[in-house]
1. Taking the Cβ of VAL134 as the centre, find all other residues whose Cβ is under 12 Å away and add up their charges (Lys, Arg: +1; Asp, Glu: -1).
2. Over the alpha-carbon set of the stretch 111-150, divide Rg by the Kirkwood Rh and report the Rg/Rh ratio to two decimals.
3. Run the quick spin-label model on GLN83 and VAL177: label points 7 Å from Cα toward the beta carbon, then report their separation in nm to one decimal.
4. Within the set of other residues whose C-beta is less than 10 Å from the C-beta of TYR100, count the net charge using Lys and Arg as +1 and Asp and Glu as -1.
5. List THR41, THR143, THR109 from most exposed to least, where exposure is judged by having the fewest other Cβ atoms within 10 Å.
6. Once phi is turned into θ = phi - 60°, what whole-Hz ³J(HN,Hα) does the Karplus curve with 6.51, -1.76 and 1.60 give for every residue of the stretch 163-175, x standing for Gly and Pro?
Amino acid sequence: MPPLRLLLTLLAAVAALAATPPSAAAAAGLGGGGDPAPTPTPWPEQFHAVVFTNLTDSGGRLQLIDLYYDWPRGRNLNIIRNQLSGDPLYDVEWTNGTSYYFDSASCRTVRFPVGLLPPDWLADGAVYLGREKVDGFDCHIWTKVDFILYYEDVVTHRPVRWNFYNGMQQHVMNFEVGGVLEDSQWQAPAHCFSNQDTTANAGASATTFDRVEGEGDKVDLMSSLLRFAGAPAAAVAAV
Ligand SMILES: *[C@@H]1O[C@H](CO)[C@@H](O)[C@H](O)[C@H]1NC(C)=O
Ligand SMILES: *[C@@H]1O[C@H](CO)[C@@H](O)[C@H](O)[C@H]1NC(C)=O
């Protein structure tokens, strides 16, 4: 079921963005003339963030996530705590496309056709939408492939928030540059390797979608973003 779920997630996202005219917002943001649009700040190659996630608009709940982004080692980890639930869900993503979703009792392995987001993923093709006070911070706002709204603090250049067009909202509560997690914490447990029935391939869905829509790069970026943010984990956990 995960491939189908992923596809449905992507289709829902595309449907949602089709209803949103970002070009109008872009025009409003750029209308002043004069100053060139600012460029987004690349991420540090390693960081630890505490992310408050609001999924209530996309069929989920509230989550507190410990996010470890580790580009040099080709890995990204979301430790996801759902509201009022004890056992955290680990979502370990490797740049080779394999993701492990596990808690103390269960594990699911998913193979994606995409790797990790590079630190400068936003630089190429981002559209500047202007400046706004968000979560109480003065922010620059960009969008990319009409799928994400990205808010960066004007003064500190730290990310403050990102919203996906599928309704997922993430607020960055803490951003620790260079924050890393020891190797042992990345290792998927033995019960991830004992039952091959739990392995799913998300590649087929994306490929099918790609052929139908002819928008492969866009779908790849959307998949990478959902992977980065731990979004498929929510879908998988809900199965
Ligand atoms: C979650 O998002 C919904 C929809 O935008 C909003 O109404 C609600 O206040 C948010 N909840 C929290 C705790 O941020
Ligand atoms: C990707 O790397 C991880 C971690 O080293 C490994 O467990 C997994 O089997 C690899 N996946 C593939 C398809 O090689």
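Nothing in this text is a laboratory measurement; each read-out follows from the coordinates by a stated rule. All values derive from a computational prediction rather than experimental measurement. For neighbour counting, all protein chains shown are included, and Cβ atoms are generated from backbone atoms with ideal geometry for every residue, glycine included.
1. Taking every other residue near VAL134 into account, the sum is -2.
2. On the way: Rg = 12.6 Å, Rh = 11.7 Å.
Rounded to two decimals, Rg over Rh is 1.08.
3. The answer from the label model is 3.4 nm.
4. So the environment of TYR100 carries a net charge of -1.
5. With the fewest neighbours first, THR41, THR143, THR109 line up as THR41, THR109, THR143.
6. With the stated coefficients, the stretch 163-175 comes to 10, 9, 6, 7, x, 6, 10, 10, 10, 7, 8, 8, 9 Hz.
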